[in-house]
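First comes the structure, then the notes that go with it.
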Amino acid sequence: MRVTIKRTEKDGKITLQESGSFAIVTIHRPDLKNALTNRMWEDLTAIGRRIPENPKNKVVILRLDPILNNLTIFPLRKRTMPSA
C-alpha cells in the first residue's frame, strides 16, 4: 500500500493522505480549536478538487487533530451531467 502525503501552508496545518481507496484530510490547528483561516479554506477547496482526480479514491475522511470524537466520512460519487 502506497501512502501519499501533501501538506499545505508552511506549518502543515492541513494534510492530505491518499492510501488505497481512502483520502484522509486532517486539519491540525489545536491552538485555535482547529479554526480555519482564509488560506486554509482555499487549501481545502484545492484538496476537494484534487481528490476526485485520483480514480482509486472512493471515500474521503475528514478529521481534526487532535482527534476529539470528530471523524466524518464522505463516500465519493461520480458526478453526472444532467441530460438536456
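Some observations on this one:
- For Ile14, distant residues with modelled amide H under 5 Å away: Thr8, His28
- R0 of 22 Å, Cβ-Cβ distance Ala35-Lys58: FRET efficiency to nearest 0.05: 0.15
Values quoted throughout were computed directly from the atomic coordinates according to the rules given, and no laboratory measurement underlies them. The shown structure was predicted, so the numbers you read here are calculated from the model rather than taken from an experiment. Neighbour counts are summed over all protein chains in view; Cβ atoms, including those assigned to glycine, are modelled from backbone coordinates with ideal geometry.
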